[in-house]
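All remarks here apply to the structure that follows.
Quick note: the coordinates plus some simple rules give every number you see, no bench work behind them. Small disclaimer: the values here were computed from a predicted structure and weren't measured.
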Amino acid sequence: MARQRTLKAFIGSSGKMLPYAWALKTLLKDEFPDEIEPIVWDEPGIIPPGNFTWTSLEKAADESDIAFFIFGGDVQIKEEDEEQTFKKDARTGEYAPIQHYVPNSNVLLETGYFMAKNDQPDQPNGRRTFYFCTQFPGNHRKLIVPSDFDGITYLPLQYLDGCVYIKENEKDRLSPIDRNKAFAGSKGQLQTIIRAILPSDGRSARPASYTAVSVMANVNPGSDYLFGGYEWIVLDKDEVNNRVLLLSKKIFEQRRYHDNNEPVTWEECDLRAYLNRDFYEKMFIDSEDRDRIAGANGEIVNQNAKNQWFNTKGGKETKDKIFLLSIEEVVKYLGVKEELQMLEHRPNDNAWFIGLEEGNKKRIANYGDSPWWWWLRSPGSHVVLAAYVGCDGHLSLCGYPVSIAEGGVRPALWLNL
């Protein structure tokens with residue numbers, strides 16, 4: 001079998017984001033050791049001394065099959081008439097001023113140039129340019145990207161506050177642990193991108209590690225599982241249909257259960273519509289991954305029971321691809337026996353939550369680097385409230401108003417093995 005051609009990948013960034021650019025190079029070399037030759041813009045010979053920078057970049061664009069640019073929060077900005085606003089920090093729970101950042105202007109210009117010169121999205125194995133958009137821990141910092149990039153799918157990059165750089169050849173580098181954290185949300189998309197651009201002849205573009213994880217059948221409840229480039233926890237296994245129930249290991253994002261503060265059930269809420277449409281298409285861009293998610297043919301039916309403590313209706317059963325856990329499911333899979341008994345009878349009129357220490361530890365989930373609360377699909381004590389799991393892992397049957405924007409989203413799905 002003929003050996004396929006090695007793709008040249010150019011990686012651009014600002015000086016501030018160089019540790020992330022080098023981390024991306026290492027990631028590409030690890031995932032595609034024989035298929036990709038990644039080159040960072042500050043490597044010797046890319047922009048030789050005495051040469052015009054733009055001339056060197058033109059040469060790099062001509063020689064590259066694929067390019068990645070990292071949009072970081074390089075410059076903090078403030079509109080002249082902008083009023084100072086505050087938002088609750090997802091990590092600390094304290095209110096902090098909202099800060100706006102923009103990428104380095106040179107990086108924006110170079111990205112636009114590579115896109116205009118090289119991109120061939122309609123051609124098989126055509127050259128492409130992509131950009132990573134930095135996501136900050138918490139929710140009080142925001143990266144503003146020019147509207148000219150609207151509609152272009154970006155790759156997420158998690159910015160790491162306070163990480164300790166490793167010195168290598170007198171330059172800052174991310175540690176292996178931090179590298180995995182930074183690119184945890186984009187690995188699956190990277191694999192899809194590379195496979196789409198690699199020539200069809202020769203060996204498969206899918207890395208052996210990816211294939212091994214994807215087809216692994218020897219999984220059991222409680223084990224970790226990598227799917228679509230994201231980390232999941234196996235909650236249950238259906239031996240008859242050969243599929244497993246997965247719950248995201250971390251909180252993906254913050255979002256309202258429902259846009260309006262009005263009576264609503266899981267069947268009708270905006271979060272369910274988002275998870276089964278926009279989230280499903282955005283997070284699983286590989287058709288092979290989407291095909292493995294059970295539910296496309298209506299085979300996954302979720303029962304939406306009433307809230308046992310407050311007798312609040314849960315609504316009709318639903319057919320979902322992506323969903324949230326119910327009160328009963330979170331106690332069954334992430335609880336202890338005593339909590340199942342507590343769920344059947346409200347101890348007293350002042351009881352609002354379930355929370356034994358052993359169960360709480362199992363339910364804690366991080367948003368970024370810190371614990372945060374996350375929605376369940378079950379109703380709270382009233383039809384305008386939804387149940388949730390608290391930052392410390394306690395299970396609130398009373399719930400929060402459905403229109404609160406800071407609710408953590410921890411999706412679940414059934415995956416065919």
Which ³J(HN,Hα) values, rounded to whole Hz and listed in residue order, are derived for the range 353-360 from phi using the Karplus coefficients 6.51, -1.76 and 1.60 in 6.51 cos²θ - 1.76 cosθ + 1.60 with θ = phi - 60°, glycine and proline given as x? 8, 10, x, 8, 3, 5, x, 4
Taking the alpha carbon gyration tensor of the range 224-416, what are the square roots of 5 times its eigenvalues, largest first, to the nearest whole Å? 25, 18, 16
Between Rg and the Kirkwood Rh of the range 37-82, both from Cα atoms, what is the Rg to Rh ratio? 1.16
Rounded if a/c is under 1.5, else prolate if a/b is larger than b/c, else oblate: which is the range 220-328, with a ≥ b ≥ c the root eigenvalues of its Cα gyration tensor? prolate
